[in-house]
Amino acid sequence: MLSAIVGYGLFALFHALSAVWSFARAAASRIVPDKDRAPRRLPHEPRFLSVGEHGVRGLERLPAVPPIPPHIRTVAIAGCANLAMYTFGAAYALQRAPNYAERLAEGSLVASGGSSGAFVAAPLAMGIDCGRVMLRLCHTAFVRHRRRFGGCVGIFSQSVRGILAQGLAEARRRGDDPLAKLAPGDGDMPGDGDRLRVSVTRFAPQPEHVVVSRFASEAELLDAVLASCHIPVAYESPLVLPRHGFCIDGCALRFLPAADLVISPYHVHLAEATPRAQYPSSMVFNLLHASDILRLFEDGYLDTVRWLEEGGGASRDAERRAKAGAAPLASSMRALVAEGVGVALEIAGFSGGRSR
């Protein structure tokens, strides 16, 4: 009973705050000067991709991808807000590996993610083209809202749900059944119990991390991903999940992912697929320029190809577990707070930035 009271109380509070933000943003947009709110923040142009009259061009020019090594059986996508454009590129590289479809079919490749990581892990686990999802759908959404005061804050829920729903619908029109690929198997593969693991934070009544891995319908899948992504106000539609109640961002209590292969633009995650230098923190929550979106996607793709070409070396999971130590929750919270403080300081102009 107490859990339900706390959950629904928070649901009502965040719903009210979203309504207040929507009203304040609408009022402010009438007096705030209209301008482009998505300037270029990366110094280099994309190397392979460009935007033409009919959308993004150049995917066929991206380098070939080596096979996914047999020891990589679990893949975790880190939560990183708008830098998910990088992780989409990495996921697309895995999808272009010659053995990706086989690994997916036999259940020997399990995808997991929290927050924006769930947004990327879902299409990766279902075989939905991550290049299509990011470049043609996310890219379009960012371009459409690039002059909007407040950026995508207050419309993230409808944007993410719409992007995934469209990806699912396109797959069905091709005769595919994405949800069937998440059905548990009956063998001894690591994915026979679950093919997609979505992290959420529920209130019971204290906050606790749980994993959602069974989805009876596309609506349940979309709700789980949106709940995992939910940052109050930024995501305008709070969600209540069956069996878990009101849930928020899956990285709130579990910021440090664990898997054979971790994909992240943040070095704190000790990821296998990661950039050599981190990106400016101003890119984390602000609207992104079209050129920067393509560059992030390319970087994620190329960094993953580079790691695979180097043999997909030994997983750093033992190193991550050692860092977490005997108190993984405390370690995760420290990492989340440290990264958040770093983002805030850089945006406020108190650090020199981390441009790539």
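Okay, residues lined up against (1) surrounded by fewer than 23 Cβ atoms within 10 Å (Cβ to Cβ); (2) aromatic (Phe, Trp, Tyr); (3) not in a helix (DSSP H, G or I):
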site: Val240; (1), (2), (3): yes, no, yes
site: Gly250; (1), (2), (3): no, no, yes
site: Leu253; (1), (2), (3): yes, no, yes
site: Ala258; (1), (2), (3): yes, no, yes
site: Pro265; (1), (2), (3): no, no, yes
site: Arg276; (1), (2), (3): yes, no, yes
site: Asn286; (1), (2), (3): yes, no, yes
site: Asp292; (1), (2), (3): no, no, no
site: Gly300; (1), (2), (3): no, no, no
- Query: Conditions: (1) of a type in the set (Gly, Ala, Ser); (2) at pLDDT below 90; (3) within 15 Å of the chain's Cα centre (by Cα). Gly150 meets all but one. Number of the miss?
  - Reply: (3)
- Query: Is there any pair linking a residue in region 264-285 that is touching a residue at least 60 places away in the same chain (Cβ under 8 Å) and hydrophobic (A, V, I, L, M, F, W, C) to one that is open to solvent by less than 30 Å² (accessible area, probe 1.4 Å) and part of a loop (DSSP other than H, G, I, E, B), with Cβ under 6 Å and at least six apart or on different chains, and which?
  - Reply: Ala271/Ser264
- Item | Test for Leu296: is it more than 18 Å from Ala91 (Cα to Cα), in contact with a Gly (Cβ under 8 Å, 6 or more places away or on another chain) and not hydroxyl-bearing (Ser, Thr, Tyr) | no
- Item | Among the residues listed as Ala227, Ala219, Ala183, the single one being of a type outside the set (Phe, Trp, Tyr) and either farther than 29 Å from Val20 by Cβ or in contact with a Lys or Arg (Cβ under 7 Å, 6 or more places away or on another chain) (or both) | Ala183
- Message: Anything in region 268-326 that is of a type in the set (Phe, Trp, Tyr), within 25 Å of Glu60 (Cα to Cα) and in contact with a helix residue (DSSP H, G or I) (Cβ under 7 Å, 6 or more places away or on another chain)? List them, or say none.
- Response: Phe297, Tyr301
- Residues being over 18 Å from Phe156 (Cα atoms), surrounded by fewer than 16 Cβ atoms within 10 Å (Cβ to Cβ) and among the hydrophobic types (A, V, I, L, M, F, W, C) - total across region 199-238: 2
- Checking Ala322 against (1) open to solvent by 10 Å² or more (accessible area, probe 1.4 Å); (2) out of contact with any Lys or Arg (no Cβ under 8 Å at 6 or more places or on another chain); (3) more than 22 Å from Ser112 (Cβ to Cβ); (4) hydrophobic (A, V, I, L, M, F, W, C), which test does it fail? (3)
- Just need a number here: residues in region 8-31 that are touching a residue at least 24 places away in the same chain (Cβ under 8 Å) and of a type in the set (D, E, K, R). 1
- All-but-one check, Ala38 against (1) outside any strand (DSSP E or B); (2) surrounded by 13 or more Cβ atoms within 10 Å (Cβ to Cβ); (3) modelled with pLDDT of 90 or more, failing number (3)
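The values are calculated or read from the model by the stated rules, or taken from the named source; none is laboratory data. Everything quoted here is computed from the prediction, not taken from an experiment. For neighbour counting, all protein chains shown are included, and Cβ atoms are generated from backbone atoms with ideal geometry for every residue, glycine included. Just the protein is used for accessible areas: all its heavy atoms, side chains included, with ligands, DNA and RNA removed. Shrake-Rupley method; radii C 1.70, N 1.55, O 1.52, S 1.80 Å.
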